[in-house]
1. With the structure loaded, tell me whether Glu63 is part of a helix (DSSP H, G or I), loosely packed, with under 10 Cβ neighbours inside 10 Å and over 30 Å from the mean Cα position of the chain (by Cα) or whether it fails that test.
2. Looking at region 1-26 only, could you name the residues that are surrounded by 10 or more Cβ atoms within 10 Å (Cβ to Cβ) and not in a helix (DSSP H, G or I)?
3. Taking Gly43 as the residue in question, decide whether it is on the phi > 0 side of the Ramachandran plot and either surrounded by 10 or more Cβ atoms within 10 Å (Cβ to Cβ) or more than 30 Å from the chain's Cα centre (by Cα) (or both).
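Every number in this text was worked out from the coordinates using simple rules, so none of it is lab data. Everything numeric in this text was worked out from a predicted model, so none of it was measured. Please note: Cβ atoms are built from the backbone with ideal geometry, for glycine as well, and neighbour counts cover all protein chains shown.
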Amino acid sequence: MEITGTSSQIQDYINQNAKVEETEAAYQVKLMKMQQESEAVVGDLLEDTAEISQEAMNRYLAEINA
């Protein structure tokens, strides 16, 4: 692709493209951080659910065996 125009116009074009790429990279980083946070929340929920299920099972078994 050939870029035509004054050196100022060409520099502006290059700067705009660099800003677009920088913004896209920052957005990708933000998405990755959000995904990590979501995975951490899901992990915590699964852990809590397992603990609650174990506690409920222990209570159930205690009632049956009583």
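1. Against the criterion (part of a helix (DSSP H, G or I), loosely packed, with under 10 Cβ neighbours inside 10 Å and over 30 Å from the mean Cα position of the chain (by Cα)), Glu63 qualifies.
2. Gly5
3. Taking the combined requirement at face value, the residue does not satisfy it.
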